[in-house]
Amino acid sequence: MATQIVLDHSGDSRHWFDQHDTESLLKAEERFRQLSELGYTAAVRNGSGDPTIARIFDPMAEETLFFPRLVGG
């Protein structure tokens with residue numbers, strides 16, 4: 001199962017989805033879109049284990065981490 005991890009002010013929440021189930025994939029893709037529209041940045045690990053910013057939903061990513069926009073001041 002793949003995981004989407006969402007970081008926010010209260011900690012983190014995890015959302016698992018089955019990469020081989022159409023309904024589960026649609027929900028994960030919709031969550032990706034909604035979080036991106038809210039200003040979250042998505043990151044996935046590439047083949048060497050380094051994080052890479054994800055601008056589009058990758059249904060084969062094992063783990064996607066969403067972190068909120070940082071505001072300085």
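The values are calculated or read from the model by the stated rules, or taken from the named source; none is laboratory data. These figures come from a predicted structure and were not determined experimentally. All Cβ positions, even for glycine, are placed from backbone atoms using ideal geometry, and neighbour counts span all protein chains on display.
Considering ALA2, ALA42, ALA54, ALA28, the condition of being surrounded by 12 or more Cβ atoms within 10 Å (Cβ to Cβ) and out of contact with any Phe, Trp or Tyr (no Cβ under 6 Å at 6 or more places or on another chain) is satisfied by ALA54 alone.
Scan PHE66, PHE57 and give me the residue that is at pLDDT 95 or above and in contact with a Leu (Cβ under 8 Å, 6 or more places away or on another chain). If you could, list the steps in order and put the result at the bottom.
Numbers: PHE57 fails: in contact with a Leu (Cβ under 8 Å, 6 or more places away or on another chain).
Just one listed residue meets the conditions, PHE66.
In the stretch 1-22, what residues are in a strand (DSSP E or B) and of a type in the set (Ser, Thr, Tyr)? The answer is THR3, SER13. For LEU25, the requirement of being of a type in the set (A, V, I, L, M), touching a residue at least 24 places away in the same chain (Cβ under 8 Å) and in a strand (DSSP E or B) is not met. Among the residues of the stretch 33-61, those identified as under 25 Å from ASP21 (Cβ atoms), touching a residue at least 24 places away in the same chain (Cβ under 8 Å) and outside any loop (DSSP other than H, G, I, E, B) are ARG33, LEU35, ALA42, ALA43.
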